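Quick notes on the structure that follows.
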Amino acid sequence: MQVFPPNIHPQKLKEKVSKFGNIINLNCIFVVYFNVYYLEGATQFMKSLDQKSYDKVKHVIKTARENLDPELFKKLCDDIWEFRIHFAKSQIRLLAFWDKTDRENTLVVATHGFIKKVDKVPNKEIRRALHFRQKYFESKQ
């Protein structure tokens, strides 16, 4: 027997999900709106974190993939987004962009990360992410 959230018809759920990403297991209502691909800068940043911070980052990314929560995954400018992680009095940020070129597999490409010291994301970090985005799409052609 399939269990669906209250007041949501299964077909409506499929239509809603298909706009944003992939259904992993509709029987359990486990919906993933996007997959995450880590560029080298993001991978190196993640490796540089201590284990508890790393685990928190992975948890926030998993939660953001399932909920599209703007507190966890926020748009910074036209093309750049950030995963927002608050942990141990630190503001960890992982910048990313969307790749929707494959209709079956929506990707969020994580470019790099940093520990934020001020409230605003530095412009140099946004420019760096935009540079990685440009190189990424050039390499796909």
Please give the per residue accessible area of the range 21-141, computed with a probe of 1.4 Å over protein heavy atoms only, in Å².
-> 60 Å²
Backbone HN-Hα couplings from phi across the range 35-41 [Karplus 6.51/-1.76/1.60, Hz, Gly and Pro as x] | 9, 10, 10, 9, 6, 4, x
If N is the residue count of the range 63-141, its Cα Rg over 2.2 N^0.38 Å rounds to 1.12
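What is the packing order of peptides 74-80, 100-106, taking the mean over residues of other C-beta atoms within 10 Å and listing the highest first?
Going by the mean number of other Cβ atoms within 10 Å, highest first, we get 74-80, 100-106.
The values are calculated or read from the model by the stated rules, or taken from the named source; none is laboratory data. The structure displayed is predicted, hence computed values, not measured ones. Virtual Cβ from ideal backbone geometry, glycine too; neighbours counted across all protein chains shown. Protein only, heavy atoms only, side chains kept; ligands, DNA and RNA dropped before computing areas. Shrake-Rupley method; radii C 1.70, N 1.55, O 1.52, S 1.80 Å.
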